Amino acid sequence: WHIECSAMSMKYLGRTIDIHGGGQDLIFPHHENEIAQSEGYTGQCFVKYWMHNGLTRIPTKAAGGSWKKMSKSLGNIMPISEVLRRYGAEKLRFFVLSTHYRRPIPYSDEGLASAAEAISNFHQLFSSVECVTDTDVYSLPPASDSPPASLGKFGQECLEHKRRFLEHLDDDFNTAGAIGVLFDLERGASNLLWEPELPNEALLWVTALIIGLGQLLGLFKHRFKTIQKVAVEPLLQQRDLARKNKDFQTADALRDKLTQMGVCLKDLPSGKTIWYEKYQSMEAEDA
């Protein structure tokens with residue numbers, strides 16, 4: 001096993017390769033044998049960078065809440081097709097990226113549900129921004145390195161967040177740290193929705209920045225919204241009219257109807273109501 005890996009590597013990739021990956025359980029004896037025999041044969045460095053990923057673990061039924069490795073040999077593998085069917089690719093990707101690749105991943109339905117709730121914050125922001133600006137945020141050009149002056153100090157903070165995001169990725173591909181920065185940006189952008197005098201270009205610039213950074217991780221590439229605007233806007237107009245007439249019973253009934261459709265509402269201080277669709281997992285959209 002060790003010899004054939006060295007032989008294949010040298011035949012197809014050369015005597016020295018840049019990156020060699022694998023699970024942490026392969027460090028010894030497999031990868032140490034590969035190093036010994038390859039470098040003993042060539043007299044050259046075999047691998048410049050080793051990237052060993054943590055193992056996926058699942059909870060056991062034993063007392064104490066212990067975890068064990070998910071592996072084919074133990075017969076406890078969850079087929080990736082089944083995971084994608086149940087949760088969707090983006091939710092699974094976000095779940096995996098939220099843990100540094102060298103650390104074990106505790107796999108559970110609860111963990112995936114938590115990931116879905118977390119990523120829904122971003123999709124709710126994007127939907128709200130589209131409602132406020134009447135702009136397709138997924139078609140925005142990349143955010144420039146010069147934030148709109150109307151953002152003031154927050155614009156410079158955004159550039160600092162971008163620097164930190166890229167710094168995390170340069171630090172042994174620390175995706176968990178990078179996602180933490182995305183949440184800092186999301187919270188700041190969500191607060192902007194409550195500023196009635198803010199120009200649309202400022203809100204769109206921050207949104208484009210978040211989407212662009214997220215796409216470096218394979219996130220935010222697909223629109224999940226399925227409810228058509230034409231189905232929502234008439235009900236919103238009826239609700240706005242009811243609120244103006246202080247007919248709060250009708251306004252509440254319309255809100256309940258929209259909620260049943262999967263639409264969430266936010267009433268801004270300006271009097272404008274924005275809406276977003278409740279996030280649901282997508283079926284294997286890009287698996």
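The values are calculated or read from the model by the stated rules, or taken from the named source; none is laboratory data. Since we're looking at a predicted model, the values are computed, not measured. Cβ atoms come from the backbone with ideal geometry, glycine included; neighbour counts cover every protein chain shown. Ligands, DNA and RNA are stripped out before the accessible areas are found, and what is left, the full protein with its side chains, is counted by its heavy atoms. Shrake-Rupley method; radii C 1.70, N 1.55, O 1.52, S 1.80 Å.
Note on exposure: 27, 19 ranked by accessible area (1.4 Å probe, complete protein assembly) read 19, 27, with the most exposed listed first.
With a Förster radius of 25 Å applied to the C-beta separation of residue 117 and residue 26, the computed FRET efficiency comes to 0.15. Residues whose amide H falls under 5 Å from that of residue 76, counting only those 5 or more places apart or on a different chain, are 71, with hydrogens built in the peptide plane. Secondary-structure-derived ellipticity at 222 nm for the chain, considering helices only, amounts to -16500 deg cm²/dmol, per-run term -39500 (n - 2.57) for DSSP H runs with n ≥ 4. Compute a Gaussian network model of the chain, connecting alpha carbons closer than 10 Å, and tell me which residue from 241, 151, 203 fluctuates the most. Its mean-square fluctuation being the largest, the pick is 241. For residue 23, the amide hydrogen comes within under 5 Å of the amide hydrogens of 53, counting only partners 5 or more places away or on other chains and with H modelled in the peptide plane.
Sorting 205, 50 by accessible area puts them as 50, 205; the probe is 1.4 Å, largest comes first, and only protein heavy atoms count.
Each Lys and Arg Cβ is given +1 and each Asp and Glu Cβ -1; about its Cα centre, the range 1-70 then shows a dipole of about 360 debye. Karplus-derived 3J(HN,Hα) values for the range 6-17, using 6.51 cos²θ - 1.76 cosθ + 1.60 with θ = phi - 60°, are 4, 5, 5, 4, 5, 5, 9, 10, x, 6, 10, 10 Hz; glycine and proline are entered as x. Rounded to the nearest 20, the size of the Cβ-charge dipole of the chain about its Cα centre is 680 debye, with Lys and Arg at +1 and Asp and Glu at -1. Taking 101, 138, 12 as the candidate residues, the one with maximal mean-square fluctuation in a Gaussian network model of the chain, Cα springs under 10 Å, is 12. Working from Cα pairs under 8 Å separated by at least six residues, relative contact order for the chain is 19 percent. Rounded to the nearest 10 square angstrom, residue 255 shows an accessible area of 70 square angstrom against a 1.4 Å probe. Label-to-label distance, residue 247 versus residue 133, with points set 7 angstrom from Cα along the beta-carbon direction: 3.5 nm. Backbone phi angles across the range 247-255, fed through the Karplus curve with coefficients 6.51, -1.76 and 1.60 (θ = phi - 60°), yield HN-Hα couplings of 8, 6, 5, 5, 4, 5, 5, 5, 4 Hz in residue order; Gly and Pro are listed as x. Around the amide H of residue 105, modelled in the peptide plane, lie the amide H atoms of 55, 56, 57, all under 5 Å away and 5 or more residues distant in sequence or on another chain.
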